[in-house]
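Student: Before I ask anything, here is the structure I am working with.
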Amino acid sequence: MSTSNFAAIILAAGKGTRMKSSTHKVLHSVGGKPMLMYLLDTVNQLNPAKNILVVGSGKEQLMNAVPGADFVEQTEQLGTGHAARIAVDSLPEGFSDDIIILFGDVPFIPLSVMEEMIAKGGSEVGNGLTVLGFRPEDAAKYGRLVTSTDGKLERIVEFKDASEDERAITLCNSGMMLISGSHAKKWLHQLSNDNAAGEYYLTDLVEFARRDGLDVAVVEASEDDVLGINSREDLARAEMAMQKKWRKQALDGGVTMIDPDTVYFSHDTKLGSDVTIEPNVFFGPGSVIENGVTIKANSHIEGAHVRANSSIGPFARLRPAADIGAGSKIGNFVEIKKTKLHEGVKVSHLTYLGDAEIGADANIGAGTITCNYDGFLKYKTTIGAGAFIGSNSALVAPVTIGDGAIVGAGSIITKDVEEDSLAVARGRQRGIPEFAANFREEKAAEKAAQKGKK
């Protein structure tokens, strides 16, 4: 569905004090992505005529995070009804399309739920409001949605005011709703703050709609769909819920995970089929894993592209712009950053490759490092196809190792190496007969003499 005959208002003016953070609440991340961006991405798929963020405390952070958005400032936090009212007042004169009210800290509402809310519409189909409800595992002290036999909402009853029969109702109020555009401004300005908290509540709109002869529809979402994030505990709970969802998607997509609960994905992790992931693997944002790849235990992958039938780890770290060629092997304690490996490269252990390009079928020995940074600038190392880099070699960039060349173990390479040649850059070995025996005899006598003086 693609529509533009509605406005979206996202409430994000709260102080978020329970987060105890200098970062705005809705900019805290789940799966490597700020929670607000999940909601905005979903809303933007519906192409709203207007998309307004109501901001207050920490507004500068939101304005920087969402450049170009329409912002309205709520200078006093006087409730959801007050926030919605100032947003509606900012709409162009004569705007009469329906208005969906969403919360920035409830980021995971599915597209299908928003589509259903919009489809049930406003006054043109006889509905003044469409309220979003859910059935939590523990209804606790949520407001209850009291509906008629035909499913229309009659009233919202707060827990403290509910009878025993009303408290037994499992359908609860999420707080979010769609309002008939032709009535929104009138109803929002009729709200009163004559209550103990001195705030204006959106829930009062149900009474106004029914008073004006309009029905109130209900759309039902799952508890996970309307999960609110107000504290670090809530943030952890949201992370767990999303990880559970992504793990199931991976398993359903043909990925084998030995211990799924120890694998952590980012919001944009892309996995091919027949991928095997061992325990304790973390995927940061921007990771692409092609078909047939094995990720061994305790590996960290972020911003990397691993091509088909490669093997990574255990204990490997792939950093942003690592591009691992098909059929390559990356072993334990290898770190790769901003480096392209062509097909069939072997980097089996204890190696750092940064700002480099490695040709097909090259073999990089244990302890090899590309010395890519002089304290000011980064430089590139190029290793040709079929080259062999001996263990414990330092390649000082900028430098090129030609196709088929061999670098002797322990070398410090500062100049280009021609293809199919051998480069050895280390001190020449020299043997001194009987030195070790003489050294031990001398030192033993010296030690004995020191003890005799005590």
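The values are calculated or read from the model by the stated rules, or taken from the named source; none is laboratory data. Because the structure is predicted, anything quoted here is derived from the model rather than measured. Here the Cβ is made from the backbone with ideal geometry for all residues, glycine too, and neighbour counts use every protein chain on show. The area values use the complete protein model at the heavy-atom level, side chains included, leaving out ligands, DNA and RNA. Shrake-Rupley method; radii C 1.70, N 1.55, O 1.52, S 1.80 Å.
Student: Would it be correct to say that I109 is closer than 27 Å to K270 by Cβ and modelled with pLDDT of 95 or more?
Tutor: In short, yes.
Student: Go over the candidates I118, I99 one by one and state the one that is assigned to a helix (DSSP H, G or I) and open to solvent by less than 30 Å² (accessible area, probe 1.4 Å).
Tutor: From the options I118, I99, the qualifying one is I118.
Student: Among the residues of the range 416-454, count how many are exposed (fewer than 10 other Cβ atoms within 10 Å of the Cβ) and under 60 Å from the mean Cα position of the chain (by Cα).
Tutor: Qualifying residue count for the region: 6.
Student: Under 9 Å between Cβ atoms, at least 6 apart or on separate chains: pull out the pairs that start in the range 202-214 with a residue that is under 13 Å from K152 (Cβ atoms) and end on any residue that is of a type in the set (S, T, Y) and outside any helix (DSSP H, G or I).
Tutor: Final answer for the pair search is A209/S180; L214/S180.
Student: Under 7 Å between Cβ atoms, which residue pairs at least 6 apart in sequence (or on different chains) link something in the range 49-72 that is farther than 15 Å from V26 by Cβ and of a type in the set (K, R) with a partner that is assigned to a strand (DSSP E or B) and open to solvent by 20 Å² or more (accessible area, probe 1.4 Å)?
Tutor: If the second residue must be assigned to a strand (DSSP E or B) and open to solvent by 20 Å² or more (accessible area, probe 1.4 Å), the pairs left are K50/D70.
Student: Let me ask something else about it. Tally the residues that are assigned to a helix (DSSP H, G or I) and of a type in the set (D, E, K, R), restricting the search to the range 13-40.
Tutor: Number satisfying all stated conditions: 2.
Student: Listed residues R247, R210, R232, R237; which is surrounded by fewer than 18 Cβ atoms within 10 Å (Cβ to Cβ) and in contact with a helix residue (DSSP H, G or I) (Cβ under 8 Å, 6 or more places away or on another chain)?
Tutor: Every option except R232 fails the conditions.
Student: Starting from the range 344-372, keep only residues that are under 19 Å from S299 (Cα atoms) and aromatic (F, W, Y), then list their pairs with residues that are in a strand (DSSP E or B) and open to solvent by 30 Å² or more (accessible area, probe 1.4 Å) whose Cβ atoms are within a distance under 9 Å, requiring at least 6 positions of separation or different chains.
Tutor: Y352/E335; Y352/I369
Student: Continuing with this model, one more query. Of the residues A366, A394, A409, A445, which single one is closer than 26 Å to R307 by Cα and among the hydrophobic types (A, V, I, L, M, F, W, C)?
Tutor: So the residue among A366, A394, A409, A445 that is closer than 26 Å to R307 by Cα and among the hydrophobic types (A, V, I, L, M, F, W, C) is A366.
Student: Among the candidates D252, D259, D225, single out the residue that is open to solvent by 20 Å² or more (accessible area, probe 1.4 Å) and touching a residue at least 40 places away in the same chain (Cβ under 8 Å).
Tutor: On inspection, the qualifying residue turns out to be D225.
Student: Could you check, for the range 428-444, whether at least one of its residues is in a loop (DSSP other than H, G, I, E, B) and touching an Asp or Glu at 6+ places or on another chain (Cβ under 9 Å)?
Tutor: No, every residue in the range 428-444 fails to be in a loop (DSSP other than H, G, I, E, B) and touching an Asp or Glu at 6+ places or on another chain (Cβ under 9 Å).
Student: Taking D361, is it open to solvent by 90 Å² or more (accessible area, probe 1.4 Å) and either acidic (D, E) or modelled with pLDDT of 95 or more (or both)?
Tutor: yes
Student: Show the residue pairs meeting these rules: Cβ distance below 7 Å; 6+ apart or different chains; first residue within the range 93-116 and at negative phi; second residue open to solvent by 10 Å² or more (accessible area, probe 1.4 Å) and among the hydroxyl-bearing types (S, T, Y).
Tutor: Final answer for the pair search is S96/S182; P107/Y38; F108/Y38; I109/T42; L111/T42; M114/T42.
Student: Of everything in the range 302-318, what is open to solvent by 50 Å² or more (accessible area, probe 1.4 Å), in a loop (DSSP other than H, G, I, E, B) and closer than 22 Å to G31 by Cα? Give them in sequence order.
Tutor: E302, F315
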